[in-house]
Amino acid sequence: MAVSAGLADVVAGPTAICDVNGQLGQLFYRGYDIRDLARESSFEEVVWLLWRGELPSASELATFRAELAAQRRLPDQVALMVDRLAAMNATPMPMLRVATTLLQVEDPNADKVAEGAERQASVHLVARFPTILARYQRRHQGLEPVEPSPNADQATAYLTMLHGTPPDELDRQALDILLILLADHEFNASTFTARVIAATLANVYSAIDGAIAALSGPLHGGANEQVMHMLEQIGSASHARSYVENLLAQKKRVMGFGHRVYRSEDPRAGILRQIARELGERKQDTHWFDIATQVEETVWNAKHLYPNVDFYSAPIMHQLGIPTDLFTPTFAVSRVAGWTAHVLEQHANNRLIRPRGDYIGPAPRPYVPLSAR
Ligand code: ACO
């Protein structure tokens with residue numbers, strides 16, 4: 001049996017949702033180039049596209065936006081639990097998992113592995129993740145939660161609930177594009193986790209709970225928070241080169257660089273670099289962008305590694321006023337769209353996912369009785 005460390009280059013199954021061309025640096029959702037989607041569409045259009053395979057018509061989109069907005073409010077018990085976890089100083093990723101489990105408890109149809117029930121559960125998850133995170137953050141800061149607006153789009157709703165005031169158009173657009181770019185990425189670690197869980201015929205909430213756990217690690221979605229810590233430690237663009245060279249001399253990884261699949265630039269990183277620049281210029285604070293570009297140049301010169309999607313996500317989220325410990329949960333606000341699309345796809349044509357291990361332990365040997373050990 002062929003063995004591939006970390007399942008590198010293993011094709012684990014068919015999918016019609018997302019295609020990554022790592023050689024050419026291309027990414028498509030349902031056949032649409034991510035660059036076109038980032039320029040032309042909205043997060044809500046992308047969610048619909050990922051779930052249903054086609055872009056929505058104008059009336060479908062209006063209905064879907066209203067449906068998401070109507071579902072944003074948290075059930076009382078979930079809201080109380082978020083408050084309690086904020087009071088306990090729980091970190092946001094485990095808090096999001098607890099809240100997801102409680103959404104399952106509150107959903108009478110949670111265990112129905114049927115398309116209608118799962119689609120409804122997916123609407124709940126996508127609509128409520130921003131409310132959960134914003135409520136947690138406000139409580140954590142000793143502030144009153146902001147009720148979800150009945151007709152805001154996802155990016156506006158999240159930033160408004162977080163900050164208490166609606167974002168300006170540039171901030172709204174920056175977050176909307178970030179949400180579009182992060183929404184899916186084929187069989188990445190968290191999505192694959194979701195599919196493995198779903199393939200046991202466990203329900204969508206369980207699959208998303210596992211996916212959040214997989215996303216949290218610093219080699220995956222957790223990298224965006226590490227990037228921000230690094231930029232803060234570097235402090236100024238003039239220190240970036242020596243900091244990175246020192247890191248590499250110690251054989252440490254520079255967070256936000258490298259990718260399992262891309263052998264040329266991740267198309268999302270290029271778009272995000274541009275947004276980070278625009279946000280910095282508009283806010284007359286290019287400090288973070290300047291450090292980031294110096295880091296990028298140094299890593300390129302030393303290792304020929306490209307930045308991945310997490311690298312420029314960090315200065316963008318920072319400029320949007322999102323606290324660093326909400327960066328990875330904010331990634332989940334977007335990726336839950338892809339996770340749920342993959343659960344729906346897995347359940348539509350399910351087979352248990354059960355690979356083999358490459359046994360490297362001792363050969364069969366006689367049992368040694370306790371008295372002889
Ligand atoms: N910094 C320094 N060196 C690196 C980095 C990095 N960020 N990434 C890869 N390398 C080097 C490795 O040291 C290795 O070099 P070697 O062959 O001389 O030992 C070579 O590149 C290959 O690295 P692998 O670990 O084999 O690559 P793999 O495909 O397993 O890992 C990963 C991919 C985990 C993304 C890796 O690049 C990494 O750790 N990056 C930093 C963490 C990060 O940014 N994660 C976010 C990824 S994007 C996402 O999940 C949304």
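For the pair region 98-113 and region 155-177, the centres of their Cα atoms are 28 angstrom apart. Remark: region 223-319 carries a charge dipole of roughly 340 debye about the Cα centre, counting +1 on each Lys and Arg Cβ and -1 on each Asp and Glu Cβ.
Where Lys and Arg each count +1 and Asp and Glu each count -1, what net charge lies around Ile271 among other residues with Cβ under 13 Å from its Cβ? Could you put the intermediate results ahead of the total?
Numbers: positive: Arg35, Arg39, Arg268, Arg273, Arg277; negative: Asp33, Asp36, Glu40, Asp176, Glu265, Asp266, Glu278.
Residues near Ile271 contribute -2 overall.
Just to be sure I follow the definition: excluding the sites themselves, where is the longest run in the chain that has none of the chymotrypsin sites (Phe, Trp or Tyr not before Pro) in a DSSP loop with at most 16 other Cβ atoms within 10 Å?
Values: sites that count: Tyr359, Tyr367.
Here the longest run is 1-358.
Counting 0.36 nm for each residue step from Gln23 to Trp300 and taking away their Cα separation leaves a gain of 98.0 nm. 3J(HN,Hα) couplings calculated from phi for region 69-81 with the Karplus curve 6.51 cos²θ - 1.76 cosθ + 1.60 (θ = phi - 60°) are, in sequence order, 4, 5, 9, 5, 5, 7, x, 3, 5, 5, 4, 5, 5 Hz; Gly and Pro show x.
What is the sum of charges around Thr131, taking Lys and Arg as +1, Asp and Glu as -1, for the other residues whose C-beta is under 11 Å from the C-beta of Thr131?
Details: positive: Arg72, Arg73, Arg128, Arg135, Arg138; negative: Glu147.
Net charge around Thr131: +4.
In deg cm²/dmol, rounded to 500, what helix-only [θ] at 222 nm does the chain give when every DSSP H run of at least 4 residues adds -39500 (n - 2.57) and the total is split over its residues?
Values: 16 runs with 221 residues, N = 373.
It lands at -19000 deg cm²/dmol.
Shown is the FRET efficiency for Gln173 and Arg354, computed with R0 = 56 Å from the Cβ-Cβ distance and rounded to the nearest 0.05: 0.80.
Using the Cα centre as the reference, give the magnitude of the dipole from point charges on the C-beta atoms of the chain (Lys, Arg: +1; Asp, Glu: -1; all else neutral), rounded to the nearest 20 debye. Please report the intermediate quantities before stating the final value.
Details: 35 positive and 42 negative charges, 285 e Å.
Computed charge dipole of the chain: roughly 1360 debye.
Only residues of region 32-49 count here: report those whose backbone N is under 15 Å from the spot 7 Å along Cα→Cβ of Glu278, or say none. Taking a point 7 Å out along Cα→Cβ of Glu278, the residues of region 32-49 whose backbone N falls under 15 Å are 35-43.
Take every Cα pair under 8 Å in region 120-242 that's 6+ residues apart, average their separations, divide by the length, and report that relative contact order as a whole percent.
Numbers: 85 pairs, mean separation 18.2, N = 123.
Relative CO of region 120-242 lands at 15 percent.
State the answer as a single residue: which of Leu24, Pro75, Trp48 lies farthest towards the positive end of the charge dipole of region 17-75, with beta carbon charges of +1 for Lys and Arg and -1 for Asp and Glu, about the Cα centre. Of Leu24, Pro75, Trp48, it is Pro75. Annotation for His287 and Lys252: the two label points, set 7 Å from Cα along the Cα-Cβ direction, are 2.2 nm apart.
Read-outs throughout are calculated quantities, based only on the coordinates presented, and are distinct from any laboratory measurement. Just so it is clear, the model here is predicted, and its values are computed rather than measured. Note that we place each Cβ from the backbone using ideal geometry, even for glycine, and neighbour counts take in every protein chain shown.
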